[in-house]
Amino acid sequence: MAPRGESVNEEMRQRSRQRIMRATVELVDQHGYAGTTLGDIAARAGLARGLLSYYFDGKRLLMQAATHRLMHLELSAALAELPADAGPEARLARAIDAVLGLALEHPRVMRSHLALILDPDVGAFVQDPEQQQLGAILRELIRDWGAADPVAEHAVLRSALMGGCIGVLLPGAALPLAPIRADLFARYGLAWELGVPPQPQAPARPQPSVRA
């Protein structure tokens, strides 16, 4: 039997990596981050436990990569549903809804991800390949929208999206999705009816109090 070529080996490595990340999302969705072990993930992925260390340097970085993969896959799928002639505002609106929607569809995954990247005691944020793909999509969207500095505005958008997810997920003080979405749409001048509105009309914005 002829030895496999490097391209075939690389494809197999990518498939194994994807299986590990998919298994991580599935298990954390069901049992939470603390209730999911690397052994559980390996078993769900159908791989030897030792292979996880080959692909990922620890559970935290695996969790980060798996969440970023989930985000860029959901974002890509949401954008693919739009008509080919959809304008930049419609595409940006759909992207915002896709990311915020993950907080509702995968609350344990998103809550675990945010807790890990915000905890200074567990290590620095790492720009893994999945995060780079996610970033590339968002930068393209914000550039097409008309940002003067797409790199800087991407950082602002990313922070705003993560802040929105935190608002939806904050235990004991969670906010409804509608006002969070309204604030983000107002920032980018997007019409409420674009994307996937959570309710027919935008919520009324509170008027600032006037002191005598």
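The values are calculated or read from the model by the stated rules, or taken from the named source; none is laboratory data. Source: prediction; values computed, not measured. Glycine gets a Cβ as well: all are built from the backbone with ideal geometry, and neighbour counts include every protein chain shown. The area values use the complete protein model at the heavy-atom level, side chains included, leaving out ligands, DNA and RNA. Shrake-Rupley method; radii C 1.70, N 1.55, O 1.52, S 1.80 Å.
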* To do: Just give me the residues in the stretch 110-155 being acidic (Asp, Glu) and assigned to a helix (DSSP H, G or I), in sequence order.
  => Asp121, Glu130, Glu140, Asp144, Glu153
* Being touching a residue at least 24 places away in the same chain (Cβ under 8 Å) and open to solvent by 50 Å² or more (accessible area, probe 1.4 Å) is the filter here, so list the residues in the stretch 44-58 that pass it. => Gly46, Leu51
* Structure fact -> Every listed condition ((1) open to solvent by less than 70 Å² (accessible area, probe 1.4 Å); (2) of a type in the set (Val, Ile, Thr); (3) more than 20 Å from Gln64 (Cβ to Cβ)) holds for Ile137 save (3)
* Within the bounds of the stretch 115-129, is there any residue that is open to solvent by less than 20 Å² (accessible area, probe 1.4 Å) and under 16 Å from Leu161 (Cα atoms)? -> no
* **In the stretch 164-194, residue most open to solvent (accessible area, probe 1.4 Å) [restricted to those that are modelled with pLDDT of 95 or more and either part of a loop (DSSP other than H, G, I, E, B) or in contact with a strand residue (DSSP E or B) (Cβ under 6 Å, 6 or more places away or on another chain) (or both)]** => Glu193
* To do: Quick one: Gln14 ticks every box in (1) assigned to a helix (DSSP H, G or I); (2) crowded, with 18+ Cβ neighbours inside 10 Å except a single one, so which number is it?
  => (2)
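Quickly run through the stretch 145-156 and pick out the residues that are under 18 Å from Leu190 (Cβ atoms) and open to solvent by 40 Å² or more (accessible area, probe 1.4 Å).
Trp145, Gly146, Ala148, Val156
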* To do: Within the stretch 69-91, identify whether any single residue is in contact with an Asp or Glu (Cβ under 7 Å, 6 or more places away or on another chain), surrounded by 12 or more Cβ atoms within 10 Å (Cβ to Cβ), closer than 30 Å to Trp145 by Cβ and among the polar types (S, T, N, Q), and answer yes or no.
  => no
* To do: Show the residue pairs that are 6+ apart or on different chains and have beta-carbon atoms under 8 Å apart, the first residue being within the stretch 145-169 and of a type in the set (D, E, K, R), the second being surrounded by 14 or more Cβ atoms within 10 Å (Cβ to Cβ).
  => Glu153/Ile142; Glu153/Ala147; Arg158/Gly135; Arg158/Leu138
* Asked: Assuming Ile142 fulfils every condition listed in (1) farther than 28 Å from Ala34 by Cα; (2) at pLDDT below 95; (3) surrounded by 15 or more Cβ atoms within 10 Å (Cβ to Cβ) apart from one, which condition is it?
  -> (2)
